[in-house]
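Everything below concerns the one structure shown next.
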Amino acid sequence: MNFFKASFIGLVLASFTGLFALAQTPAAKSAASSKGISVLHPTAGNKVNGTVTFSPGADGVQVHAELTGLTPGKHGFHIHEFGDCSAADGSSAGGHFNPTNQPHAAPDAAARHEGDMGNVEADASGNAKLDYVDHQISLGNDAKSAIGRAVIVHAKPDDLKTQPSGDAGGRIACGVIGWAKSQ
């Protein structure tokens, strides 16, 4: 009789442990209903801040950026391979996100790095906005996903042709791309 009681209690405890473990497992995000966000912070000696959102659309990923603290003019704007902004100069984010090994180019080029988003242009007050649909990146669980990467803003304009990074100069802001809280 004691054997059966002990077995029953063990079975009940094992069941509760399994349910508890399942409750602690984060649910997978659905690319169709989730939005990505990157909160940009300045690298050492810079003042650039902002947010970039990535929203799924029927024709690609809608990219919306709002930045402040820039010098007036164009600045290279890219997704880099690692979601790591721990280095003071942003170098920990690695190179341009390029899982298909394409050449550096403009965001509307047929063959380009997935991370090539061109330039943002700051006004006289140092503010910049950008809205476009990107047809190369995804928000899914695949090799082209921007989630877990980093957005980098550069000091100079991206010339859209110099290999491998458009001669865009130093990194003046960095932000990891993660899942945005559902509204």
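Every number here is computed from the coordinates shown, using simple stated rules; none is lab data. Keep in mind it's a predicted model, so treat the numbers as computed, not measured. Here Cβ is always computed from backbone atoms with ideal geometry, including for glycine, and neighbour counts include all displayed protein chains.
First measure r as the distance between the Cβ atoms of GLU121 and SER182, then evaluate 1/(1 + (r/R0)^6) with R0 = 30 Å and state the FRET efficiency to the nearest 0.05. Using R0 = 30 Å, I get an efficiency of 0.40.
Write out the trypsin sites (Lys or Arg not before Pro) in region 131-183 meeting two conditions: DSSP loop, and at most 13 other Cβ atoms within 10 Å of their Cβ. Qualifying residues, ordered by number: LYS161, LYS181. Packing around the peptides 65-71, 103-109, taken as the average count of other Cβ atoms within 10 Å per residue, puts them in this order, highest first: 65-71, 103-109.
Projection of the Cα convex hull of region 36-179, averaged over all directions and equal to a quarter of that hull's surface, yields 7.2 nm². Cross-linked pairs LYS35/LYS161; LYS156/LYS181; LYS161/LYS181; LYS129/LYS161: Cα-Cα separations exceed 27 Å for LYS35/LYS161; LYS156/LYS181; LYS161/LYS181.
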